[in-house]
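For reference, the structure discussed in these notes is given below.
Just so it is clear, none of the values below were taken in a lab; they were calculated from the coordinates. Computed from a predicted structure; not experimentally measured. All Cβ positions, even for glycine, are placed from backbone atoms using ideal geometry, and neighbour counts span all protein chains on display.
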Amino acid sequence: MMALETIRNQSRQATQRAAAVNRQPLAVEADDLVSPQILKDHLAHMPLLGDYTPKGFKEIDVRTVVPGYAYEQFLVDGTGWGTEGEAALTLDEFFAKVQLLGPGYTYALGERGQFQINVRLFQRKG
């Protein structure tokens, strides 16, 4: 298992790299929601931003837009071995939440551990 300090160090490095090139979160548009497979393929390209928030974007607390969700960011099982009802969403549960939110949101990885990932939710300002 990865040590928490290792995960945090990787996140700090990702933050610096993302800021250096002004990396932006991945937008989800209506065309990306046509089928579950298209959405899965699209979300596979989420950038790792760490704690970086690009200019022109604001981070959204997931709890404010997904009723009953317990965490500020999406906590997702990245292994594919998780089951429904656990603290970390399965990939299918995460994709369903993205479909529920619809177009207009953008997504990026905040932290990536050996088993779980934190997905940050953004919207463009204005």
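Observations on the model:
- Whole-Å semi-axes of region 31-96's equivalent ellipsoid (Cα gyration tensor): 20, 17, 13
- Efficiency of FRET from Cβ geometry, Asn22 and Glu86, R₀ 41 Å, rounded to 0.05: 0.70
- Sorted by Cβ density within 10 Å, fewest first, the residues Lys97, Lys40, Lys58: Lys58, Lys40, Lys97
- Approximate spin-label separation Asp61-Ala30, in nm, with each point projected 7 Å along Cα-to-Cβ: 3.2
- Reachable lysines, given that their alpha-carbon falls under 26 Å from the alpha-carbon of Lys40 and they are not under 8 places away in the same chain: Lys58, Lys97, Lys125
- Simple point charges give the picture: +1 on the Cβ of Lys and Arg, -1 on the Cβ of Asp and Glu, and for the chain a dipole about the Cα centre of about 640 debye.
- Per residue, the convex hull volume that the Cα atoms of region 4-124 enclose (Å³): 99
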